[in-house]
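The values are calculated or read from the model by the stated rules, or taken from the named source; none is laboratory data. The shown structure was predicted, so the numbers you read here are calculated from the model rather than taken from an experiment. Neighbour counts are summed over all protein chains in view; Cβ atoms, including those assigned to glycine, are modelled from backbone coordinates with ideal geometry.
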Amino acid sequence: MSTTQLEAVPHQAALLDTATVTNTRTAGSAQPDAGLSRYVRQHMADIESLPTYRPVIGCIIPAYNEAETIEAVLRSLLKQTRLPDQIHVIVNNTSDETFELAAKFAGPRTAKKRQKGEQARQTTEVFVHDIGENPDKKVGALNYGFGLIPDADYLLGVDGDTTLAKDCIAKLEAEIMSDSRIGGISAIYTIDYDGFRGLAAPFLIAGQRAQFAAFNMQNMLRGRNMAVLGGQCSIFSMKALREVMVANHQDTPWVNDSEVEDSLLSLQIKSAGYLTKISAQARASVGGMTTLRALDGQQVKWNYGAIDLMWPGQRGDTKGQPFHPNLRLRWAENFGMATNIFTRIAFVLLLAASLSINAFVFSPWWLIPPFVAILLNVRIAMSIKGRSWKDILFAASGIGAEVYMWLRAGHFVRAWVKFLSKVQTDNWAEQAKAERGSGNSHLVPLIVLGVSFVVLGWTWFQLPALIQSSILWLGWPVLYVVTIAQTIVMFAKLIRRQHGYRV
């Protein structure tokens, strides 16, 4: 039988079915409609009863001294509307009770979940692995977990201090399945205020919430293209991870060449031809830094790792990729932070110098930049889903956001100094040490700034009046120009449409 004849058979069958129905309706008018309705209902029921494809999601939780949070993390996973098919807790380098607490959740689990208005049974199994001493730290734990789920379609990475909204996995799954070009999707991160008392911790949490919100909104407005698939809560295509391994001659998806393993993997996924996205709706609450030491350790490590990826040339085993698409936002962030540092220090120095020789003349125009900055910060705070009065106060007062900006400036300078000095340090160990309350590195920027101001002040008073006047005559106009440009950028962000996004 020819191809043409084969294609004609279904068409002829359809004509016969149509004729049969027509003849039935003509022959008798009592039963045909009822019979046809029963047939259609049965046919649709048979179609709905057919098994549908359900991808396999393997969840990996690298856990290092997470005794305070690991139970909450596992509970949030077991309450998901879409359970992961496997959950592997990879305990490593741990000296607390993380393993014992996680082990209470080990074993198969079955839950009834409502899907499309009906109750459906879902199953998962929790495995807890203590791999002991692990020189590769989080990278080693992630790669160990990757080897445990060879048959999975997607890998869900969740930090040991990150709790997920109930529908987080369902939304991540729906989004990554909607486009085969997507290699990974990051959840929208925030930090909860719960459990923090005093003044310092809530202030630092408010600053980190604002920082996350601004970063997330920036990525959403760039077509939801995410430069960094954060390890806190991201889902990856296993196919994309395997292609990354082949393309980069790696035995594992994650490598310890970089201080920010998630940024490096995100670059590699993008280079392999896949998209890296931020979710439009899936949400997760991550662990925040509640002390100046801990915040300094985390932010310096992040900044150092980003600089390492941005820097052209070869440093160690990490190839610098300064023009990679995922690093354009990084360059913009670094340039913006350098500009912020310049305008603030220049203003303080020029103001002090002008007052010292009675040459300062107040101009109301200088109130415009901080006013625009406050409006922008308030708009970002208003975009936070589940925002608190603390977020609004932090932004509207201007003082909180300004103090936090000075803290971030210190982290930025410390990271660049460490990088350019080429001193080999274990920033993972430094962060862990800071979170334990050890070390005073976070005070270095403050001490250096104080000493610098004293030296510059002494030098200023040694200069003749003509040179002092010349410095002010040149310095203020330069600061005017930079501040005007900075204000225009802030105003553009302020009036930019947010398309209803919530961060």
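The sole residue among GLY132, GLY195 that is in a loop (DSSP other than H, G, I, E, B), more than 22 Å from the chain's Cα centre (by Cα) and either acidic (Asp, Glu) or within 30 Å of VAL503 (Cα to Cα) (or both) is GLY195. The residues on offer are LEU449, LEU474, LEU494, and the sole one that is exposed (fewer than 14 other Cβ atoms within 10 Å of the Cβ) and not aromatic (Phe, Trp, Tyr) is LEU474. Checking LEU393, LEU367 one by one, the residue that is in contact with a Gly (Cβ under 8 Å, 6 or more places away or on another chain) and in the same structural domain as GLN486 (by TED's automatic domain parsing) is LEU393 and no other. Checking ASP167, ASP179, ASP159 one by one, the residue that is closer than 25 Å to VAL255 by Cα, charged (D, E, K, R) and in contact (Cβ under 8 Å) with a residue 12 or more places away in the chain is ASP159 and no other. Among residues of the range 375-392 being more than 19 Å from ALA492 (Cβ to Cβ) and surrounded by 14 or more Cβ atoms within 10 Å (Cβ to Cβ), the one that is nearest to the chain's Cα centre (by Cα) is ILE384. Has the range 414-428 got any residue that is acidic (Asp, Glu) and touching a residue at least 60 places away in the same chain (Cβ under 8 Å)? Within the range 414-428, none of the residues are acidic (Asp, Glu) and touching a residue at least 60 places away in the same chain (Cβ under 8 Å). Which residue pairs have Cβ atoms under 6 Å apart, sit 6 or more places apart or on different chains, and have a first residue in the range 134-153 that is closer than 16 Å to ILE235 by Cα and a second that is aliphatic (A, V, I, L, M) and surrounded by fewer than 18 Cβ atoms within 10 Å (Cβ to Cβ)? Every condition considered, the pairs that remain are ALA152/VAL56; ASP153/VAL56. The residues of the range 17-40 that are of a type in the set (D, E, K, R) and either assigned by TED's automatic domain parsing to the domain that holds GLY140 or modelled with pLDDT under 75 (or both), listed by number, are ASP17, ARG25, ASP33. What residue, of ARG283, ARG293, is within 19 Å of THR425 (Cα to Cα) and either touching a strand residue (DSSP E or B) at 6+ places or on another chain (Cβ under 9 Å) or not acidic (Asp, Glu) (or both)? Of ARG283, ARG293, the one residue that is within 19 Å of THR425 (Cα to Cα) and either touching a strand residue (DSSP E or B) at 6+ places or on another chain (Cβ under 9 Å) or not acidic (Asp, Glu) (or both) is ARG293. A Cβ distance below 8 Å, combined with a sequence gap of six or more or placement on separate chains, defines the contacts here; from the range 352-380, residues that are free of Cβ contacts under 8 Å to residues at least 12 places away in the same chain reach residues that are surrounded by fewer than 16 Cβ atoms within 10 Å (Cβ to Cβ) and among the aliphatic types (A, V, I, L, M) in the pairs PHE360/LEU351. Checked against (1) in contact with a Ser or Thr (Cβ under 8 Å, 6 or more places away or on another chain); (2) surrounded by 12 or more Cβ atoms within 10 Å (Cβ to Cβ), SER469 meets all criteria but (1). Checking each residue in the range 221-268 for being touching a residue at least 12 places away in the same chain (Cβ under 8 Å) and of a type in the set (Val, Ile, Thr) picks out VAL228, ILE235, VAL244, THR252, VAL255, VAL260.
Scanning the range 164-195 for residues that are surrounded by 16 or more Cβ atoms within 10 Å (Cβ to Cβ) and either within 12 Å of TYR154 (Cβ to Cβ) or touching a Pro at 6+ places or on another chain (Cβ under 6 Å) (or both) turns up ILE169, LEU172, GLU173, GLU175, ILE176, ILE182, GLY183, GLY184, ILE185. Among residues of the range 87-108 that are closer than 18 Å to LEU77 by Cβ, those with a beta-carbon under 6 Å from a residue that is surrounded by fewer than 24 Cβ atoms within 10 Å (Cβ to Cβ) and of a type in the set (Phe, Trp, Tyr) at least six positions away or on a different chain give the pairs HIS88/PHE127; ILE90/TYR144; VAL91/PHE99. Here is a check on your reading of the model: is ILE188 part of a strand (DSSP E or B), aliphatic (A, V, I, L, M) and out of contact with any Leu (no Cβ under 7 Å at 6 or more places or on another chain)? Against the criterion (part of a strand (DSSP E or B), aliphatic (A, V, I, L, M) and out of contact with any Leu (no Cβ under 7 Å at 6 or more places or on another chain)), ILE188 qualifies.
Residue count for the range 269-312, restricted to those that are in a helix (DSSP H, G or I), in the same structural domain as ILE169 (by TED's automatic domain parsing) and buried (at least 21 other Cβ atoms within 10 Å of the Cβ): 2.
For the range 211-226, the set of residues classified as under 13 Å from ALA187 (Cα atoms) and in a loop (DSSP other than H, G, I, E, B) consists of ARG224, MET226, listed by residue number. In the range 233-260, the residue that is modelled with the highest pLDDT out of those that are closer than 25 Å to TRP416 by Cα and of a type in the set (S, T, N, Q) is ASN256. Scanning the range 393-421 for residues that are among the aromatic types (Phe, Trp, Tyr) and surrounded by fewer than 18 Cβ atoms within 10 Å (Cβ to Cβ), we see that the one that is farthest from ILE205 (Cα to Cα) is TRP416. Of all residues in the range 362-374, exactly one satisfies the criterion of being closer than 21 Å to PHE491 by Cβ and either touching an Asp or Glu at 6+ places or on another chain (Cβ under 6 Å) or not in a helix (DSSP H, G or I) (or both), namely SER363. Taking the stated definitions as given, is PHE215 at pLDDT below 95 and under 24 Å from ALA373 (Cα atoms)? So PHE215 fits the description; yes. Restricting the range 313-332 to residues that are crowded, with 17+ Cβ neighbours inside 10 Å, in a helix (DSSP H, G or I) and not hydrophobic (A, V, I, L, M, F, W, C), the residue that is modelled with the lowest pLDDT is ASN326. Residue count for the range 353-374 under the criterion of being buried (at least 16 other Cβ atoms within 10 Å of the Cβ) and hydrophobic (A, V, I, L, M, F, W, C): the result is 4.
Candidates are the residues of the range 70-110 that are β-branched (Val, Ile, Thr) and not in a loop (DSSP other than H, G, I, E, B); the one that is nearest to LYS166 (Cα to Cα) is VAL73.
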